There are 4 protein chains.
Amino acid sequence: MAGSSFGHLFRLTTFGESHGGAVGVVVDGVTPQLELVEQDIQDQLDRRKPGQSFITTPRKEPDTVQILSGIFDGKTTGTPIMLILYNSDADPAAYDEIKGMFRPGHADYTYLKKYGIRDYRGSGRASGRETAGRVAAGAIARKLLARRGVDVLAYTGRAAGVQCEKYMPDQIEHNMLRACDPDAAARMMERIAEIRDRNDSVGGIVECRIRGVDPGLGEPVFDKLDAQLAHAMVSLGAVKGVEFGAGFAAADMTGSEHNDQMVAAGFVTNNAGGIIGGISTGTEIVFRVAVKPVSSIARPQQTVDLNGTERTIKTEGRHDACICPRLVPVVEAMACLVIEDHYKRQAALFA
Amino acid sequence: MAGSSFGHLFRLTTFGESHGGAVGVVVDGVTPQLELVEQDIQDQLDRRKPGQSFITTPRKEPDTVQILSGIFDGKTTGTPIMLILYNSDADPAAYDEIKGMFRPGHADYTYLKKYGIRDYRGSGRASGRETAGRVAAGAIARKLLARRGVDVLAYTGRAAGVQCEKYMPDQIEHNMLRACDPDAAARMMERIAEIRDRNDSVGGIVECRIRGVDPGLGEPVFDKLDAQLAHAMVSLGAVKGVEFGAGFAAADMTGSEHNDQMVAAGFVTNNAGGIIGGISTGTEIVFRVAVKPVSSIARPQQTVDLNGTERTIKTEGRHDACICPRLVPVVEAMACLVIEDHYKRQAALFA
Amino acid sequence: MAGSSFGHLFRLTTFGESHGGAVGVVVDGVTPQLELVEQDIQDQLDRRKPGQSFITTPRKEPDTVQILSGIFDGKTTGTPIMLILYNSDADPAAYDEIKGMFRPGHADYTYLKKYGIRDYRGSGRASGRETAGRVAAGAIARKLLARRGVDVLAYTGRAAGVQCEKYMPDQIEHNMLRACDPDAAARMMERIAEIRDRNDSVGGIVECRIRGVDPGLGEPVFDKLDAQLAHAMVSLGAVKGVEFGAGFAAADMTGSEHNDQMVAAGFVTNNAGGIIGGISTGTEIVFRVAVKPVSSIARPQQTVDLNGTERTIKTEGRHDACICPRLVPVVEAMACLVIEDHYKRQAALFA
Amino acid sequence: MAGSSFGHLFRLTTFGESHGGAVGVVVDGVTPQLELVEQDIQDQLDRRKPGQSFITTPRKEPDTVQILSGIFDGKTTGTPIMLILYNSDADPAAYDEIKGMFRPGHADYTYLKKYGIRDYRGSGRASGRETAGRVAAGAIARKLLARRGVDVLAYTGRAAGVQCEKYMPDQIEHNMLRACDPDAAARMMERIAEIRDRNDSVGGIVECRIRGVDPGLGEPVFDKLDAQLAHAMVSLGAVKGVEFGAGFAAADMTGSEHNDQMVAAGFVTNNAGGIIGGISTGTEIVFRVAVKPVSSIARPQQTVDLNGTERTIKTEGRHDACICPRLVPVVEAMACLVIEDHYKRQAALFA
């Protein structure tokens, strides 16, 4: 099975490179008769687009989505929905330097090793721009989940070494970091500004909470709900780890500390993060992803060229200093896709 | 797609409950003409079996594997290999208490919510015994990988709050924890003994290193090598998180710290954990999984029964106090399955 | 994806060779809480077993099925159901001749070319015995379909050049051919007896009718209901063709003859065979499969040995003279599997 | 798994309706470094396009393909190739009549029953125009197969009741029917002209021959090469049957007649059609598909409207009188896709 598809019953296939003709997605298996207009999708894409603040890249991407199939009279028909974002023309000369060298932290080397050929323009298929297709597909899943009463919310929980100490969900969209703690967000911005001035970048942690999921969702053994979420999250280029509930902290806990005991009103704690044995408990699903610092930095780094000769490289241009705020809608989109897919699988099991 | 299968080209389907007739696995897509005898598989199963030390459950499981198909004259034929481990008779009376109550930390509640029916005997399908099928299939993948020069090695890196400080691979199979540091292992044992005496259990971290993988393995976009490994690892019931290379520590690093720079001899560092853009770099693949403390503990815990009435439960019997040493061969098996599958996918791409 | 699995949501994986340890099947995705006992499955297997009449092979196969997982308290639990039929010991000396030669009409040559190794005992994996697993899985699907009011009925429509002229469904199980016309069945038996006395075999046509399927089942574009049925049928070793409704006769019809016009009461005709655009119309689904004559015949035939040297071969032993009556339950089983799978897919679409 | 994807390793996903924004296809798993330009694909699309002769519809479709991803410097990169054909604007008023009625032979009724919503413009997703995406993807597979020495050739073998009696492959592209016998083609044209003048249409048989396939291709048990070809062929809306080699004629043959005996030079006959036990023999693969007469005819037919009221309908406009010549490149494309996919599977098996 080729690697650009995801999901079983609600299934997407993305296509496109950063500087080819377009990026986009085909979404198959969408429930018929759902009202869907381009603005539903555009709203989510706008959260991911560049240029939202001084810590994100000021690049202009024509991120205007078009629906080219699967909709009739403003409703889904049950046939594949194709969503496309055309790329604008790029200056090929801009890539003369990276054409022959491997940028540290980027997939330049690995793509060439894998395919023997590489579209070096703007990272090609490995560009973060590929996630636009995921966000677009996720926007459809989000609409279906809203009808089920499921709400998916991600935010920056840590960045540049600064940890959020309060959880204020209403504040998330009101700070440039999409952090859940506006005070922490202010400190994050200060630190990021400093680090960016040193031509460097920072990482962070994005946390996601999913409310309203019915108990009983998830397919043991291999397609556990958390296993699929982990797959979805680590399939994002910047993500280097994922943990559920207490996560890595569970390693140092005892059973009596970690076990979520039950009373008549439900679970007393949620160390499991809302999933036990791969199946949702009905409590909030909570997970976190580790986000590596942005690879493109304008300070000299050691690398080699195509001939293996050692070289120094500086990735000029204005890049994101911290990808977390733009990753937030992508994490949400991937979570929506997994949850919606599992709702369909559960329905099939009992059909 | 039903949830008991894993892999695309090297594909396994497990079956069986803890106290049904048998557990086992069907492995399809195995390279023909590979020499394979039951001992190849038994060797790995023996590493997973209960009763290896005082920290693991002394339960007796007749973990003797039989090959029932796919082998002729001692060699694989390319047809499905069915591996089976029969269950011995259990005393049904032993489950009278848990039959009507949900054990904290176990999948009792979620299975019942999902299926509306539950085989409560020994956790049924959610039993760790299901992983015997994975280990059996992994043993075949391991043989194929050995021919490629790929070596997969896991070990306990942390348990009961004690961290390994040395990496001595030769010592792993010589201590009861399968820890990479024999001194740390001794301290772990002490702490586990104490905690077990308080009728409690501990968690830990299992680390895995994969050497000899060629660069270029992994299928972007969704089937990145790390995404598939994450899926595989989190599909293990006790695993609550996974991280690659620097992992969660990357969240606090800057780009200049995290980027693995290159010189003529290769990558200078390995913060990426051997995978960039979802594709292997050719350096060692390194990941860690967070292992929750064993859920079965013999101290009273709050729970509810099938009617929602609050009850107290004590899971008597001798259980594992720390599952890490028995999880080590399972983590290795899952890693072997993912890597072998990707070798086949890469071959198909260029065929 | 390895080739021994079939279906998407109701999914089976068969394993086993004619003379290995066992043949069987793992069925995943079965609706929970269905009452299921071994006799439900045995009833269908008994219709497929050898030795039912003088035209079928008198070989004794211990076709007694055992359920080894997925059932608790007499009900399905939603976890994989493993069904196994152990093979009895065979005399390896019996295969000394075919070991080195390719039997005409058999997969001996092609298996060796594909795998470079061949289990020559009783055709190995290519044995008709593999279909026992399909029939076993189909018996479960049949029970689920019965609850939906769907009835699947196959029968011999033609054999040894004799065509059924009446459709008497009640007579099907009362003649050795499982023909829908008892008079034609008598003539078929006469001709088959003659041909068998000349050490030869015959082919025929098996027809299948599926009643009670709701309109709207089937997934355009590639997974049309008829496309999946065609896939299922041609995956049977003896089947060389399949046609729906008017089938090949449609090639000579005009549009005005072939189009099924509609009146208030429904479709006037059923040339489409109950499927239009790959989706069920709600009328009876009708298809036919072409069954090749049995390949094993006891008259001398030309072949080559492993060295390419020309040889003469006679497949001695008592073989089926006409496989149609034993294929009838297999065709039904495969049809049940496809229909049940599509019911689940349709439920998922609207979930 | 949603129904608009086909193939395992060489995998396509089509999208689009007749009168939506576009039709097209995403092809994933394409071998990297293959030279590919739009003209390679356009050449095959031109064979499928309308208006090639007086028996095909004179509708103008802007069947100009664009490659929007997956190509760099004129070569495939191994990433998904997206091929798109934009639709031109249609006059919505043209569909006022069919909007409320079910056209006999069309999928109008079944789509509405399935989805509860229907894009009635030009048959929507059920339009033959969807096959443009298949032909486009098939053109890529064809290029890969050419490098392997595999040649796929289809042609009209029968139409309007006239049978080809000669096999002259060089003549196929030189007559309007794409028949393999130019004299038969002339008689076909005469009969079709007569029948079209009576506002009726005709069916036929398309035959396909595949040369150069290595022995050993095909995945028993369920993914037999012929089973996959049958799936592929019956997934074409106009196809009502498929047969391999002797096909339905095998039903009346004896084993001694049907078995393909072997001599040192190879198989003496090819009744199996080049596939035994689901695996290619290395001889020519031969199959035939039954093509139903075109459903759109301009003579009055009985039908019902959305309320179930009986109505008379006449499908005006100029439609194909015989779809066979336009189906020929589609049959070839689907065959190419199946064969290429199996080459990749075979490579993976031995990787």
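The values are calculated or read from the model by the stated rules, or taken from the named source; none is laboratory data. Since the model is a prediction, treat every value here as computed from it, not as a measurement. As a convention, Cβ positions derive from the backbone with ideal geometry for all residues, glycine included, and neighbour counts pool all protein chains shown.
Summary table below
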quantity	calculated
Selection from the stretch B:147-179 of residues that are aromatic (Phe, Trp, Tyr) and either farther than 12 Å from residue B:325 by Cβ or part of a helix (DSSP H, G or I) (or both)	B:167
Hey, residue B:112 at pLDDT 90 or above, part of a helix (DSSP H, G or I) and within 14 Å of chain A (Cβ to nearest Cβ) or not	yes
Sole exception among (1) in contact with a helix residue (DSSP H, G or I) (Cβ under 7 Å, 6 or more places away or on another chain); (2) on the phi > 0 side of the Ramachandran plot; (3) surrounded by fewer than 24 Cβ atoms within 10 Å (Cβ to Cβ) for residue B:299, by number	(2)
Tally of residues being at pLDDT 95 or above and either touching a Lys or Arg at 6+ places or on another chain (Cβ under 9 Å) or more than 25 Å from residue C:244 (Cβ to Cβ) (or both) across the stretch D:117-133	3
Residue check for residue A:225: buried (at least 23 other Cβ atoms within 10 Å of the Cβ), out of contact with any Asp or Glu (no Cβ under 9 Å at 6 or more places or on another chain) and touching a residue at least 40 places away in the same chain (Cβ under 8 Å)	no
Filter result for residue B:213 (within 19 Å of residue B:164 (Cα to Cα), more than 8 Å from every other protein chain (Cβ to nearest Cβ), in contact (Cβ under 8 Å) with a residue 40 or more places away in the chain and crowded, with 24+ Cβ neighbours inside 10 Å)	no
Selection from the stretch C:222-245 of residues that are of a type in the set (A, V, I, L, M, F, W, C), closer than 22 Å to residue D:293 by Cβ, in contact with a strand residue (DSSP E or B) (Cβ under 6 Å, 6 or more places away or on another chain) and at the interface with chain D (Cβ under 7 Å from one of its Cβ atoms)	C:230, C:242, C:244
Test for residue A:227: is it part of a helix (DSSP H, G or I) and more than 22 Å from residue B:253 (Cα to Cα)	yes
Exclusive hit being more than 7 Å from chain B (Cβ to nearest Cβ) and either in a helix (DSSP H, G or I) or aromatic (Phe, Trp, Tyr) (or both), set A:207, A:190	A:190
Odd one out for residue B:170, checked against (1) at pLDDT below 95; (2) over 30 Å from residue C:14 (Cα atoms); (3) of a type in the set (Asp, Glu)	(1)
Matching entry among B:349, B:337, B:327 (being over 24 Å from the mean Cα position of the chain (by Cα) and of a type in the set (A, V, I, L, M, F, W, C))	B:349
Condition met for residue B:124 (on the phi > 0 side of the Ramachandran plot and away from chain A (no Cβ under 14 Å))	no
Check on residue D:72, surrounded by 19 or more Cβ atoms within 10 Å (Cβ to Cβ), within 14 Å of chain C (Cβ to nearest Cβ), within 30 Å of residue A:114 (Cα to Cα) and in contact with a helix residue (DSSP H, G or I) (Cβ under 9 Å, 6 or more places away or on another chain)	no
Number of positions in the stretch C:239-269 that are surrounded by 24 or more Cβ atoms within 10 Å (Cβ to Cβ), in a strand (DSSP E or B) and touching a residue at least 12 places away in the same chain (Cβ under 8 Å)	6
Test for residue D:248: is it facing chain C (nearest Cβ under 8 Å), closer than 26 Å to residue C:254 by Cα and at pLDDT 95 or above	yes
Evaluation of residue A:301 against (1) more than 30 Å from residue A:100 (Cα to Cα); (2) over 22 Å from the mean Cα position of the chain (by Cα) (one fails), failing number	(1)
Condition met for residue C:304 (more than 15 Å from residue D:105 (Cα to Cα) and out of contact with any Cys (no Cβ under 8 Å at 6 or more places or on another chain))	yes
Qualifying residue in the stretch B:187-205 (condition: in contact with a His (Cβ under 8 Å, 6 or more places away or on another chain) and either crowded, with 23+ Cβ neighbours inside 10 Å or free of Cβ contacts under 8 Å to residues at least 60 places away in the same chain (or both))	yes
Residue C:265 vs. criteria more than 24 Å from residue D:246 (Cα to Cα) and either more than 7 Å from every other protein chain (Cβ to nearest Cβ) or over 20 Å from the mean Cα position of the chain (by Cα) (or both)	yes
Matching residues, the stretch C:75-109, being in contact (Cβ under 8 Å) with a residue 12 or more places away in the chain and within 14 Å of chain D (Cβ to nearest Cβ)	C:98, C:100, C:101, C:102, C:103, C:104, C:105, C:106, C:107, C:108
Residue that is nearest to residue C:317 (Cα to Cα), among those in the stretch C:14-65 that are surrounded by fewer than 24 Cβ atoms within 10 Å (Cβ to Cβ), within 21 Å of the chain's Cα centre (by Cα) and at the interface with chain B (Cβ under 10 Å from one of its Cβ atoms)	C:19
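Listed here are the residues, each with its yes/no results for (1) surrounded by fewer than 24 Cβ atoms within 10 Å (Cβ to Cβ); (2) free of Cβ contacts under 8 Å to residues at least 12 places away in the same chain; (3) assigned to a loop (DSSP other than H, G, I, E, B).
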| site | (1), (2), (3) |
| --- | --- |
| D:117 | yes, yes, yes |
| D:139 | no, no, no |
| D:145 | yes, no, no |
| D:183 | yes, no, no |
